[in-house]
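See structure below.
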Amino acid sequence: MEVVGKIIQVLPAQEGVGRNGNPWKVQPYVLETLDQYPRKVHFEVFGEDRIKQNPCDIDQLVTVSFDIESREFNGRWYTSIRAWRIQQGDTTQTAAVPAAAPVAAAPMPAAPAASAAAPTETPANVDPFDASAGDGTSDLPF
């Protein structure tokens, strides 16, 4: 999966030693999407080598490729978003597509001539949206 946005926070890195004695390191970030209604996404880069390969700074525009995983512990579920690649800039846009030539608008047909049998004028003092001014045959509930 991928998400595009701006890095708004670089959180403190966490380090430790696993059960097998191997050291580990996690660098968490917070990204804000560029949608109409921006969302904040907390993600982490796991491993010393990936942290060095994918440096990020605040206010940097990035495309993050990530995996989502959920785990259960003591009856509660925890979800983590682990980035495996961070590309600088918005790389999701395709090459610019040339704009199509503008299409000329077709001429509007002339208005039909008014019939002498049906008057089309309304009195100037009648509000066409006033239900009380009508003939009472409207089936509208208001």
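Kindly write out, for the stretch 12-27 in residue order, the coupling ³J(HN,Hα) from the Karplus curve 6.51 cos²θ - 1.76 cosθ + 1.60 (θ = phi - 60°), rounded to whole Hz, with x marking Gly and Pro.
Rounded to whole hertz, the list is x, 5, 10, 10, x, 10, x, 4, 7, x, 7, x, 9, 8, 10, 10.
Can you classify the stretch 1-47 as rounded, prolate or oblate using the Cα gyration tensor, where a ≥ b ≥ c are the square roots of its eigenvalues, rounded means a/c under 1.5, and otherwise it's prolate if a/b beats b/c and oblate if not? Mind dumping the intermediate values first?
Working: a/c = 4.64, a/b = 2.83, b/c = 1.64.
It comes out prolate by the Cα gyration axes.
Can you spot the lysines whose alpha carbon is less than 21 Å from Lys25's alpha carbon? Ignore those fewer than 8 places along the same chain.
Lys52
Coordinate-derived values only; no laboratory data. Given the structure is predicted, the values throughout are model-derived calculations rather than measurements.
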